[in-house]
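Note sheet for the following structure.
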Amino acid sequence: MGVSSCLLGAEVRFNGGHKRFRFLTDELEPYVDWVPYCPEMEIGLGAPREPIRLTLDHRLVNRSGTADHTDSMMALPLPAGVDGYVFKAKSPSCGVRDIPRYRSDGELAADRGRGLYAERVIAEFPLLAVEEEGRLNDAGLREAFVERVFAAARLRGLLAGPWEPRDLVAFHARHKLQLLAHDPARYRSAGRVVAAAGGDRRSAYGELFLTAMAGQATLGRNANALQHAYSRIGGSLSWPRRTDLVARIDAYRRGEVPLSVPVTLLAHYASGGDLPWLASQTYLLPFPAGLRLRHAV
């Protein structure tokens, strides 16, 4: 996973400090391989350094206006093979949103946008899961981001090496509930790609899968995915278990319980060994359980 170096504790900020973000270093770190990067250090600015800012004409200059670093920033290599990226918020190089622009007279302009390096990364990899550290303090945004990252990692693991059509069939089947919760239409489109003969299925499927996972898993879509799970396994459950599961799905649909309630019950049923289809579903464990994120929706 790509990450702004300062968020891991590297003292590369303009003031010589860091912005260590403990969710990354204390909770997520055991499960990812970091690719830390500070574009401002990479273009030779050093730390500490004079702060830089973005102008209305999209130039990256120092605060005193005596140096223009735009060309150096535009020449930096972009990350390859990462499954997600956490950028430093409010940075003129790394900020993902709401970065101020300045007029030629040095006064703050009304326009805002992305940091220059972050803008390049997002333009080159539009399906990459990207967030700023500040937004990861929100439980729902944090879970959605982490879910996308680990889904992308599983896809990369499948497509990076030799694979057979049956491997893609199995991958799509394992992700059925997860994809239904995010984007039912693209789940069906991806299924048609899986079933098609010939062509570049790797590229077509990958794009549909990542686009689907970028969709929001709403209460309604989650409820429908849960209902689909029930339709698949209900006949294999005893009457008390069946009625209990239906009641919990309905309670979730009404907003009375969190998603973790019916999902935990499904995971319990899957653990018995009698429901292999359910046990295979990534929806039950979309990221490492040790992250303790499930479920915000």
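This table checks each residue for (1) under 20 Å from the mean Cα position of the chain (by Cα); (2) over 24 Å from ALA129 (Cβ atoms).
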| site | (1), (2) |
| --- | --- |
| SER5 | yes, no |
| ALA10 | no, no |
| PHE21 | yes, no |
| TYR31 | yes, no |
| ARG49 | no, yes |
| ARG53 | no, yes |
| GLY65 | no, yes |
| MET73 | no, no |
| LEU76 | no, no |
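Confirm whether ARG292 is at positive phi, open to solvent by 30 Å² or more (accessible area, probe 1.4 Å), under 28 Å from the mean Cα position of the chain (by Cα) and of a type in the set (D, E, K, R). The answer is yes for ARG292. Scan the stretch 93-108 for residues that are in contact with a Phe, Trp or Tyr (Cβ under 9 Å, 6 or more places away or on another chain) and closer than 30 Å to ALA144 by Cα and the total you get is 4. For the stretch 76-89, a residue qualifies if it is in a loop (DSSP other than H, G, I, E, B) and either in contact (Cβ under 8 Å) with a residue 24 or more places away in the chain or closer than 20 Å to TYR102 by Cβ (or both), and the qualifying residues are LEU76, LEU78, PRO79, GLY81, VAL82, ASP83, LYS88, ALA89.
Yes/no per residue for (1) surrounded by 13 or more Cβ atoms within 10 Å (Cβ to Cβ); (2) over 26 Å from GLY161 (Cβ atoms):
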position	(1), (2)
ALA212	yes, no
GLN216	no, yes
GLU256	no, yes
VAL261	yes, yes
TYR269	yes, yes
LEU275	yes, yes
PRO286	yes, no
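Exactly one residue out of SER91, SER64 is modelled with pLDDT under 95 and of a type outside the set (Phe, Trp, Tyr): that is SER64.
The values are calculated or read from the model by the stated rules, or taken from the named source; none is laboratory data. Bear in mind that the values here come from a model prediction, so they are computed numbers and not experimental data. Here Cβ is always computed from backbone atoms with ideal geometry, including for glycine, and neighbour counts include all displayed protein chains. These area figures cover heavy atoms from the full protein model, side chains too; ligands, DNA and RNA do not enter into them. Shrake-Rupley method; radii C 1.70, N 1.55, O 1.52, S 1.80 Å.
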